[in-house]
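Engineer: I am attaching a structure below and will ask some questions about it afterwards.
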Amino acid sequence: MDVDKVAGVFDRAAPTYDRVGIDFFQPVGRALVAAVRPQPTDVAVDLGCGRGAALFPLADTVHHVTGIDLAPKMVELTRADAAGRGNVTVVQGDAATPDLPSAHFDIVTASLVAFFMPDPLAAMRRWVTLLRPGGRLGISSFRDVPNRMHDVMAVVQDYLPPRRAPKSVFDADDTVAQLLRDAGLREVTTTHLSFDTTFEDEEQFHRYEWSNGRREAWEHIPVEWHAEARTRMAELLASYADADGRTRFEANIRLTVGIK
Ligand SMILES: C[S@@+](CC[C@H](N)C(=O)[O-])C[C@H]1O[C@@H](n2cnc3c(N)ncnc32)[C@H](O)[C@@H]1O
């Protein structure tokens with residue numbers, strides 16, 4: 001997805017992003033923040049801050065945190081959520097080329113964002129310049145562990161033109177770790193985070209689909225096929241549901257942290 005498309009998708013998703021009652025982005029953001037070991041005197045920046053999944057846990061500890069996001073609506077809503085907190089600034093900007101001072105930050109985080117960068121190594125090198133010596137950079141990314149969630153999500157592919165998924169540096173732990181080392185970081189560590197995400201029903205699942213980056217796929221499916229795609233997804237979801245009607249999926253996330 002090019003930068004304008006990413007901005008558009010997340011601008012439209014912003015009002016419901018991380019607000020449909022699904023515990024997904026916030027546990028990831030909290031774990032990433034814990035992994036970069038924030039201190040009360042730290043100055044931090046959270047790139048691609050969205051609705052604040054990592055930004056607000058950082059703000060709970062650090063002296064000051066700046067959140068940057070490409071999507072104006074994300075910025076507007078997160079800035080409103082931050083009102084009353086004296087140590088949070090939220091600005092609109094491109095994380096690939098952030099307009100921020102060099103060697104100024106103790107912490108740089110990017111939770112579920114780095115894979116949107118057109119040139120991840122160039123972006124990572126830029127992010128490393130923001131850090132003071134000894135500063136920590138942490139990113140989270142998806143671990144592609146096949147599970148039931150993939151089956152349900154794969155339904156949309158049947159309604160889209162075939163596309164070969166390009167190989168990505170974010171496919172494996174070692175290539176992500178190497179990316180951070182190539183950007184100039186040392187002592188790079190990788191941690192896995194797994195937790196259950198529970199959907200109450202199909203309606204909530206559908207709202208979740210439209211509230212995040214998955215929205216992009218739905219926006220490309222001709223409207224006349226939406227009902228059929230949704231029904232097929234609902235049937236799969238129901239086949240995985242527990243006796244209580246809820247469907248639980250395991251979320252698998254990778255946290256990669258390095259030191260300058
Ligand atoms: C999957 S969301 C993650 C949001 C938040 N970090 C979280 O964990 O909930 C990706 C976010 O990155 C933002 N984003 C994508 N590309 C960006 C870029 N080049 N610069 C700044 N933000 C970007 C999107 O607008 C969106 O808010």
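The values are calculated or read from the model by the stated rules, or taken from the named source; none is laboratory data. Just so you know, these numbers come straight off a predicted model, no measurement behind them. Heads up, the Cβs are rebuilt from the backbone with ideal geometry, glycines too, and the neighbour counts pull from every protein chain shown. Note: areas computed on protein heavy atoms with side chains; ligands, DNA, RNA excluded. Shrake-Rupley method; radii C 1.70, N 1.55, O 1.52, S 1.80 Å.
Engineer: Can you give me the ranges of the helices (runs of 4 or more DSSP H) entirely in region 52-145 with at least 3 residues that are modelled with pLDDT of 95 or more and under 17 Å from residue 29 (Cβ atoms)? Before the answer, list the steps.
Structural biologist: Values: elements: 55-59, 72-81, 120-130.
So the answer is 55-59, 72-81.
Engineer: Still on this structure, please answer the following. What about residue 27, is it within 12 Å of the ligand (Cβ to nearest atom) and either surrounded by 18 or more Cβ atoms within 10 Å (Cβ to Cβ) or under 28 Å from residue 198 (Cα atoms) (or both)? Walk me through it before giving the result.
Structural biologist: Working: within 12 Å of the ligand (Cβ to nearest atom): yes; either surrounded by 18 or more Cβ atoms within 10 Å (Cβ to Cβ) or under 28 Å from residue 198 (Cα atoms) (or both): yes.
It is true that residue 27 is within 12 Å of the ligand (Cβ to nearest atom) and either surrounded by 18 or more Cβ atoms within 10 Å (Cβ to Cβ) or under 28 Å from residue 198 (Cα atoms) (or both).
Engineer: What's the number of the condition residue 32 fails, among (1) open to solvent by 10 Å² or more (accessible area, probe 1.4 Å); (2) closer than 19 Å to residue 130 by Cβ; (3) outside any strand (DSSP E or B)?
Structural biologist: The number of the failed condition is (1).
Engineer: Given 201, 182, which one is away from the ligand (no atom under 16 Å from the Cβ), under 19 Å from residue 123 (Cβ atoms) and open to solvent by 50 Å² or more (accessible area, probe 1.4 Å)? Show your work before the answer.
Structural biologist: Working: 201 fails: under 19 Å from residue 123 (Cβ atoms).
Being away from the ligand (no atom under 16 Å from the Cβ), under 19 Å from residue 123 (Cβ atoms) and open to solvent by 50 Å² or more (accessible area, probe 1.4 Å) holds for just one of 201, 182, which is 182.
Engineer: So residue 64 fits all but one of (1) crowded, with 21+ Cβ neighbours inside 10 Å; (2) of a type outside the set (Asp, Glu); (3) more than 10 Å from the ligand (Cβ to nearest atom); what number is the exception?
Structural biologist: (1)
Engineer: Moving on. Has region 107-129 got any residue that is open to solvent by 50 Å² or more (accessible area, probe 1.4 Å), of a type outside the set (Lys, Arg) and closer than 30 Å to residue 233 by Cα?
Structural biologist: Scanning region 107-129, I find at least one residue that is open to solvent by 50 Å² or more (accessible area, probe 1.4 Å), of a type outside the set (Lys, Arg) and closer than 30 Å to residue 233 by Cα, so the answer is yes.
Engineer: Right, here's the next one. Of the conditions (1) surrounded by 15 or more Cβ atoms within 10 Å (Cβ to Cβ); (2) near the ligand (Cβ under 8 Å from one of its atoms); (3) more than 30 Å from residue 246 (Cβ to Cβ), residue 55 satisfies every one except a single condition; which number is it?
Structural biologist: (3)
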